[in-house]
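Below you'll find the structure, written out as structure tokens, and then a few comments.
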Amino acid sequence: MFPLDIKINEDSRIPKYKQIVDSIISDISHGNIKVGEKIPSINELSEHLLLSRDTVEKAYRLLKEKKVIVSVKGKGFYTSKTDLISRVNILFMVNKPSVYKMIIYNSFVDALGVNAHVDMFIYHCDESLFLKTMERNMGAYDYYVIMPHFRDENSHHVTFTPSVLDTLKKIPTDSLIMLDNVKDMLNTEFSSIYQDFKQDIFNALTEGLEKIKKYDKVILVYPEKSANPYPRRIRTGFIKFCVENNFDYEILHEIYDDMELQSKDVYVTIQERDLVNLVRQTRKKKLILGKDIGIISYNETPLKELLGISVISTDFKTMGESAAYMILKNKKENVKNVFNYIERNSV
């Protein structure tokens, strides 16, 4: 008995090579072919189906690109994995591990439901790690969802490097969704859900202007060098807000131990450890949060909500859901994600 049950519909408008691919994937997903099982050679299958060798070869080449089969020199073709046999296969590239990145990922997966397989990979803003991962997986997925945040040789934030840009150009635009950061990226042919880091912080702080006015000085704690750096557009938008509203301002790289805390200063913190250190020192010096010292934190998390910390933040849940919607509905759009000022007791 022939090991593959492939039926070619001569009346279908689906290309015959694609019918072969779909049939083999269906056999694997239903357990009719096991992982590691040998399948017929190109010549054997072309003779069995009465199709040209070129048609079968094209089907096998596509299956190899998707990592569904592998060729072993001198032995033939074998099935290689089943975890990618689903309706939609997605590689989700995250630049760093954090609470809010996981909110994006979880809302994305939840919105997709059971008809998709998602592999998440964290590349830690490292160019070489990103490139190696993409090289191994190029062509293996239907969609690539990527958050492009990298660090240069000076540990400053960059949206992409020349090598990253070359790799992204190899991904079909219909298969690429850029999340979070798309400044100066490629072109507008791919889908994206993005933040406008400069304008977002300016608009959000403007929403809180009346509360901020009760303070004498506005201080941004922006980590200049970090393993996971932040876009410098945040810094630019902050300066624009302060200048246009005639605020005395300062930019610090971190919250130092034994800070010279002064009443009527309001801090905008980005990193979690700076927020924790600032709150700790405020309590130690018996300063009242929201009266003596103000704090606005960048990026919402459940803990900040619990502690009553005011935040300026994009809606991470909506970002993940929007990306899933584009895939499910086969939409190609460029959407600016919602960004909010959420006022609590810390200002």
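Quick notes on this structure:
- Within segment 221-267, being open to solvent by 60 Å² or more (accessible area, probe 1.4 Å) and within 17 Å of D152 (Cα to Cα) holds for K225, A227, R232.
- Scanning segment 101-123 for residues that are modelled with pLDDT of 90 or more, open to solvent by 30 Å² or more (accessible area, probe 1.4 Å) and in contact with a strand residue (DSSP E or B) (Cβ under 9 Å, 6 or more places away or on another chain) returns M102, Y105, V109, D119, M120, F121, I122.
- Residue count, segment 130-167 (criterion: open to solvent by 60 Å² or more (accessible area, probe 1.4 Å) and under 26 Å from I69 (Cα atoms)): 3
- Per the conditions (1) modelled with pLDDT of 90 or more; (2) assigned to a loop (DSSP other than H, G, I, E, B); (3) touching a Leu at 6+ places or on another chain (Cβ under 7 Å), the sole criterion not satisfied by L186 is (1).
- Matching residues, segment 56-71, being of a type in the set (K, R) and assigned to a loop (DSSP other than H, G, I, E, B): K66, K67
- Hits in segment 23-55 (condition: in a helix (DSSP H, G or I), open to solvent by less than 40 Å² (accessible area, probe 1.4 Å) and at pLDDT 90 or above): I42, L45, S46, L49, T55
- Only a single criterion out of (1) acidic (D, E); (2) within 24 Å of the chain's Cα centre (by Cα); (3) in a loop (DSSP other than H, G, I, E, B) is not satisfied by E254, namely (2).
For every residue, the table says whether it meets (1) open to solvent by less than 80 Å² (accessible area, probe 1.4 Å); (2) not assigned by the TED database to the domain that holds M178.
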| position | (1), (2) |
| --- | --- |
| T301 | yes, yes |
| L306 | no, yes |
| S310 | yes, yes |
| A324 | yes, no |
| I327 | yes, no |
| E343 | no, yes |
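- I20 vs. criteria crowded, with 19+ Cβ neighbours inside 10 Å and at pLDDT below 90: no
- Cβ-Cβ under 7 Å pairs, at least 6 apart or on other chains, segment 193-216 side over 27 Å from E321 (Cβ atoms), far side outside any helix (DSSP H, G or I) and among the β-branched types (V, I, T): K211/V347; I212/V218; I212/V266; I212/V347; Y215/V266
The values are calculated or read from the model by the stated rules, or taken from the named source; none is laboratory data. Values in this document were obtained by computation on a predicted structure and should not be read as measured data. Neighbour counts are summed over all protein chains in view; Cβ atoms, including those assigned to glycine, are modelled from backbone coordinates with ideal geometry. What goes into the accessible areas is simple: the full protein's heavy atoms, side chains included, and nothing from ligands, DNA or RNA. Shrake-Rupley method; radii C 1.70, N 1.55, O 1.52, S 1.80 Å.
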